[in-house]
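Working notes for the structure below.
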Amino acid sequence: MIICKTIQEIRDSVDKLTSTGGQIGFVPTMGALHKGHISLIEQSKKTCKVTVCSIFVNPNQFNDKGDLARYPRTPEADIKMLEDAGCDIVFMPSVEEIYPKDDTRVFDFGVIDKVLDGAHRPGHFNGVAQVVSRLFDIVKPNKAFFGLKDYQQVLVIKKMVEQLHFNIEIVACDILREPDGLAMSSRNTLLSAEERKAASLIPKLMQEAKMLSKSVPLADVKNKLLAEVSTNPLLKADYIEFCNADTLQTITDINAQKTICLAAIFSGKIRLIDNLFIN
Ligand code: AMP
């Protein structure tokens, strides 16, 4: 596996490995890799000749500076996992390499980036669009792989690709979960044993949402789930919402459209997200 730190190095490496043609698959990450990330690498390897992974903790997408400071960083272990997975190139740039000067671009993706995490983490998706568009310009992939765990992010990236006319296929990949159902996340390593135990309620809430919504009005389901969260002193709900899966508009009638339940819940100081299609 080739390890690149600069834009010049990654461009040269991608050119070299694709000199006889073939598609480039790209997996952008913030590192502290787990099996969920590796599943994206595996998806890329299935259809692309060259797989590139980036590891970059993007300061521009953190509205909470404490979250940025405590974000886990495990570069050596990441390199080993990527090597074992058969990744061809890893790009690990510095902040200065990606942002030689401030990125002042402001994106507007309509409703998609204003609700849910867009409302609760101001500036988050603008920072995501800034970094992903720069990485797309640098790597120039044919396909880019994103996890459905960050469901809203997938919609934002698809809109960005449309707006900026990138000729890149966005492939959305299934959520990988721990044995108790908790969605794998780099942030899970930051949970204390008690917080980790409390967090296992989150995937159960998603399943409950799916089951109850067959017979109970969505507003009542939401109140029931919020009440369950509030019974555990370690947990605090940022939001639990039922949305149209295409537009992210809040919905009240499950039969009308493709519905997804999305939640952001704090366990201690650590904010975790999850989602599940419920019809
Ligand atoms: P992150 O490093 O958290 O920015 O994630 C990098 C990519 O991995 C994003 O596209 C995430 O959606 C994806 N990802 C993170 N966790 C999981 C998971 N549990 N299952 C599938 N994909 C994931």
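For His165, His120, His34, the ranking by accessible surface with the largest value first comes to His165, His120, His34, using a 1.4 Å probe. Ligands, DNA and RNA left out, the accessible area of the chain computed with a 1.4 Å probe is 53% carbon and sulfur. DSSP assigns beta bridges within the chain; of those with both partners inside it, close to 50 percent run antiparallel.
Each of Gly268, Ala209, Leu225 was scored by the projection of its Cα onto the charge dipole of region 186-273, and the greatest displacement toward the positive side belongs to Gly268; charges sit on the C-beta of Lys, Arg, Asp and Glu.
Annotation: Arg73 carries an accessible surface of approximately 130 Å², with a 1.4 Å probe and no ligand, DNA or RNA atoms counted. Listed by chain and number, the lysines whose C-alpha is less than 19 Å from the C-alpha of Lys49, apart from same-chain residues fewer than 8 away, are Lys16, Lys140, Lys143. Only the Cβ atoms of Lys and Arg (+1) and of Asp and Glu (-1) were treated as charged; on that basis the dipole of region 103-184 about its Cα centre amounts to roughly 180 debye. For the residues Leu176, Leu225, a 1.4 Å probe over the protein chains yields an accessible-area ranking, largest first, of Leu176, Leu225.
Label-to-label distance for Lys101 and Leu68 is 2.0 nm, based on points extended 7 Å past Cα in the beta-carbon direction.
If you take the Cα centroid of region 59-104 and the Cα centroid of region 177-204, the two points sit 22 Å apart.
The alpha carbons of the chain occupy a box of 58, 40, 37 Å along the principal axes, longest dimension given first.
Rounded to the nearest 20, the Cβ-based charge dipole of the chain about its Cα centre (Lys and Arg +1, Asp and Glu -1) stands at 240 debye. Ile2 sits with roughly 50 Å² accessible to a 1.4 Å probe, with DNA, RNA and ligands left out of the calculation.
Here region 112-160 is treated with +1 on each Lys and Arg Cβ and -1 on each Asp and Glu Cβ, and its dipole about the Cα centre works out to around 120 debye. Residues Met30, Met211, ordered by accessible area of protein heavy atoms at a 1.4 angstrom probe radius and largest first, appear as Met211, Met30. Whole Å is fine, so just give me how far the alpha carbon centre of region 214-279 lies from that of region 123-155. About 24 Å separates the Cα centre of region 214-279 from the one of region 123-155. Which of the three applies to region 90-150, rounded, prolate or oblate, going by the alpha-carbon gyration tensor with a ≥ b ≥ c and a/c under 1.5 meaning rounded? In terms of gyration-tensor shape, oblate.
Taking all protein chains together and rolling a 1.4 Å probe, Lys114 ends up with roughly 100 Å² accessible. When Rg and the Kirkwood Rh are both derived from Cα coordinates, the Rg/Rh ratio for region 1-101 amounts to 0.98. Normalised per residue, the accessible area of the chain is 46 Å², obtained with a 1.4 Å probe and no contribution from ligands, DNA or RNA. Under 1.5 on a/c is rounded, so check that first for region 153-279, then, if it is not, pick prolate when a/b is larger than b/c and oblate when it is not; a ≥ b ≥ c are the square roots of the alpha carbon gyration tensor eigenvalues. Judged from the Cα gyration tensor, region 153-279 comes out oblate (a/c at least 1.5, b/c at or above a/b). Here the calculated FRET efficiency for Ser200 and Asp84, from their Cβ-Cβ distance with R0 = 35 Å, stands at 0.80, rounded to the nearest 0.05.
The values are calculated or read from the model by the stated rules, or taken from the named source; none is laboratory data. Small disclaimer: the values here were computed from a predicted structure and weren't measured. Here the Cβ is made from the backbone with ideal geometry for all residues, glycine too, and neighbour counts use every protein chain on show. Quick note on the areas: whole protein, heavy atoms, side chains included, nothing else; ligands and nucleic acids left out. Shrake-Rupley method; radii C 1.70, N 1.55, O 1.52, S 1.80 Å.
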